[in-house]
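Single-structure report; data block below.
The values are calculated or read from the model by the stated rules, or taken from the named source; none is laboratory data. Predicted model, so just to flag it, every value in this text is computed and none were measured. Glycine gets a Cβ as well: all are built from the backbone with ideal geometry, and neighbour counts include every protein chain shown. Surface accessibility is based on the protein's heavy atoms, side chains included, excluding ligands, DNA and RNA. Shrake-Rupley method; radii C 1.70, N 1.55, O 1.52, S 1.80 Å.
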Amino acid sequence: MRYLTAGESHGPGLTAIIEGLPAGTPLLTEDINKELARRQAGYGRGGRMKIEKDQAIITAGIRHGEALGSPIALTVENKDWKNWKTVMSIEPIEEEKVGQRRVSKPRPGHADLVGGIKYGHRDLRNILERSSARETTVRVAVGAIAKKLLHELGIEVVGHVVEIGGVQANLKNKYTIDEIREGSENSPVRCLDPEVEQEMMDKIDEAKKKGDTIGGVVEVVVGGVPAGLGSYVQWDKKLDAKIARAIVSINAFKGAEFGVGFDMARKPGSEVMDEILWDENTGYTRGSNNLGGFEGGMTNGMPIVVRGVMKPIPTLYKPLMSVDIDTKEEYKASIERSDSCAVPAASVVAEAVVAWEVAEAVLDKFDGDSFERLKAEVAEYRRYANNF
């Protein structure tokens, strides 16, 4: 499978083309829209969420609720476009009509200045419109398609928030996939620890009052994954490496870890490796899941557990100092409408990008032309792996 996205933050809309979904895969517009709604929820979101009510429009590749096997095309309309038709006009306009919407004061931590240098744009709006996290809307739509495919194969993807602004959840308990999903959906900050919810929200409120932003850590868990997805034979075939790349590709994400992650550096090998067990009913399992479901770049049959760290959003209502690219004088950076904290929403985006990588790995291993053949192959392979 593969996909491309297009669109600007304040343009007419966002578009995706998805190729490779097996023919016959069940898919409804609602499967996508419910994920888009999840992305827009969460404590700390800004004013734009009051404007947009993201809905996908599928224009190709689906008939009567099933994939045709041909490319799928979908769009998500930007409701705010009506206020930006002149500034973001496709046709040439007079420079003075752009007015104050022109950006010459780049924001520290954003793509503005570097993108302007790279592409030669003197109006940095040409950079920020595409580099905006608004693009994750359509990636969530794409991820929703992957999640639907995985669900039909008995693979579930869930996510939750581990930390916001230094406030950490106590996650000593082992949670099932259903418990993670229910706990995350019922929390305004998508956190499984209700005792720290209010503290997280207080941190977000405090940052908003100061005109500041805060980041955090999210975790994605994938259950029901068969052993053997990915490969050790080449660096670019390792599935954990692909997932790490996908996590860091999310706007404002700066790192990824699996299982117990960086704590492995402080533990002896005897406390890190997962002992191998076998049961007649369940086949091979591990006594723990410190490695996050991976060995040698391949899934080992345990749940995939990956975390990503999100930096504070670089758009501040109390902006840092910058330099005007026209005059080279010191100025406060430009201000664009933004969230004070998007970590809860980012956990939904993380689910989407991880789901895509896992779905792609499934289709790399099994027949991806027909959904029925795919489903049969996966079931047969599970039986083989359990009795190997």
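Results, tabulated for the structure shown:
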| item | result |
| --- | --- |
| Accessible-area value, GLU77, 1.4 Å probe, nucleic acids and ligands omitted, Å² | 90 |
| Amide H contacts under 5 Å for GLY292, placed H, 5+ residues apart | GLY259, VAL260 |
| Cut-off of 10 Å, at most 13 other beta carbons, DSSP loop: longest stretch of the chain lacking such trypsin sites (Lys or Arg not before Pro) | 211-327 |
| Share of alpha-carbon pairs per 20 Å distance bin for region 2-387, given as whole % | 26, 55, 18, 1 |
| Tilt relative to the chain, helix 197-209 - C-alpha long axis, 0 to 90 degrees, to 10 | 20 |
| Accessible surface of region 39-188, 1.4 Å probe, proportion on carbon and sulfur as whole % | 49 |
| Rounded to the nearest 10 Å², the accessible area of GLU377 at probe 1.4 Å | 70 |
| Probe 1.4 Å, accessible area per residue of the chain, Å² | 49 |
| Top positive-direction residue, dipole computed over the chain with Cβ charges, set PRO226, SER322, VAL157 | SER322 |
| Among ALA385, THR59, ALA241 - extreme Cα towards positive end, dipole of region 2-387, charges at beta-carbon | THR59 |
| GNM result for the chain, Cα springs below 10 Å: residue of GLY13, GLY216, GLY269 fluctuating most strongly | GLY269 |
| Rounded to whole Hz, the Karplus (6.51, -1.76, 1.60) HN-Hα couplings of region 321-332, x for glycine and proline | 6, 9, 10, 6, 5, 7, 9, 6, 8, 6, 8, 6 |
| In sequence order, calculated HN-Hα J values of region 276-282 (Karplus, 6.51, -1.76, 1.60; Hz; x Gly/Pro) | 8, 10, 9, 10, 4, 8, 9 |
| Inter-centroid distance (Cα atoms) of region 231-278 relative to region 93-163, Å | 26 |
| Estimated [θ] at 222 nm from DSSP helical runs (n ≥ 4, -39500 (n - 2.57)) normalised by residues in the chain, nearest 500 | -9500 deg cm²/dmol |
